[in-house]
Amino acid sequence: MQQNEKSRLSFRAVEVFVAAIEEQSISKAAKRLGSSPSSVSLQLSNLEQILDARLIERSARRFQLTAAGEIFAPRARAILDEVTVAKVELSSAKHAPKMDIRIGAIEDFDNEILPSLLAKLRKTYPQSNFYINSGASHESHATLSSRGADIIIAADKTSDIDWVEAHAIMHDPFILITASEKLANAPIEELMQHPFIRYSQEQLIGRQIEAQLRRTKTVPKFNFECSTNHALLSLIKQFDGWAITTAMAYLGSFKQSHPLDNCFIASPLPIPNFARTISVYARRDTLGEIPLAFTNHLKATLSDIMLERVAKELSFAEGAVRIL
């Protein structure tokens, strides 16, 4: 009886296998699954024993799928997707007690958008638990790819991916941020004499800004580079510098009651205008109608909160900030 139990293929073993091959690491897979490396290794060994095939070549220097692993990998992913589909259908029919939905979101929405959005989602999906992880767009895209998130709110990527469904949310224009009125109205030649605060080049927003600067032959000397909106704003104030960010990144760094005018000045760009698109992304054909419902709730939340703030605090950008 014990032997029969051990010889059964378990969903957990499939989940561990997929996590291991996507993370390319036993320890990273364990962290993702909230388990221990020894438990992950045991699950993989049991799975290989059940299938009577070596699936992964793993050692200190090598972590690679075998021929058998290459065959099993797409089937393992399909199993996880089918279970997700079943959970969505059961949850929608209220036959299942709970469903966990993991959300990755850009930090711009932390202060005001996410709390309101989650209140709407809670009413629509009372059977679900929501787990939020805020971070940069490139990090959210990576967690969606590695199944660390079910839905993400992130800036657009340049290439379409066939396993991802995307729902455009809003048009988010880039703006100039300074800490003094003098710099806010200065021509680009004068701005170039002051410290330019950059976003990290690992981030999509940083690469998009740098690409526009190169296109317009505007190349500020290197001064400071940071990875968060708050760090960017702090350095602007500390060094009387300037930066390029977006309307949502700027407004999302403060709650509505914050006295923005006493700290920073937002103004139109001294170079040709450009913008990013913020979208909702999810794995295609796995979450049913949830991504579309999520998108509609998010659009309504943005309309209720951010469009009013744009009109009051960034009047020059009114019309450029658009719900899509």
Amide hydrogen neighbours beyond the local backbone of ARG322, cut-off 5 Å, H modeled: HIS171
Selection from ASN229, ALA211, ILE244, by position along the positive dipole direction of the stretch 172-275 (Cβ): ALA211
Principal-axis tilt of helix 113-124 within the chain, Cα atoms, nearest 10 degrees: 40
Sites ARG8 and LYS217 - FRET efficiency at Förster radius 56 Å, r taken between beta-carbons, to 0.05: 0.30
Long-range HN-HN contacts of VAL164 with modeled amide H, under 5 Å: ARG284
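Under a Cβ-only charge scheme (Lys and Arg +1, Asp and Glu -1), can you give me the dipole magnitude of the chain about the Cα centre, in debye to the nearest 20? Write out the running numbers ahead of the final one.
Details: 37 positive and 37 negative charges, 126 e Å.
My answer is approximately 600 debye.
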Cα→Cβ-extended label distance, 7 Å offset, between LYS120 and THR228, nm: 2.7
For the chain, convex hull volume per residue from C-alpha positions, Å³: 161
C-alpha long axis of helix 290-313 to longest principal axis of the chain, angle in °: 20
Cut-off under 5 Å, modelled amide H: who pairs with SER227 long-range: SER200
Relative contact order (%) - criterion: Cα under 8 Å, at least six apart; region: the chain: 21
Whole-Å distance, taken between Cα centres, linking the stretch 222-245 and the stretch 130-195: 15
Angle in degrees between helix 67-92 and the longest Cα principal axis of the chain, rounded to the nearest 10: 70
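Suppose every K and R has +1 on its Cβ and every D and E has -1 on its Cβ; what is the size of the dipole of the stretch 173-324 about the Cα centre, in Debye to the nearest 20?
Values: 16 positive and 14 negative charges, 75 e Å.
Approximately 360 debye in magnitude.
All of the numbers you see were taken from the coordinates with simple rules; none came from a lab. What you are looking at is a predicted structure, and each value in this text was computed from that prediction instead of being measured. Methodologically, a virtual Cβ is constructed for each residue, glycine included, from the backbone with ideal geometry; neighbour enumeration extends over all protein chains shown.
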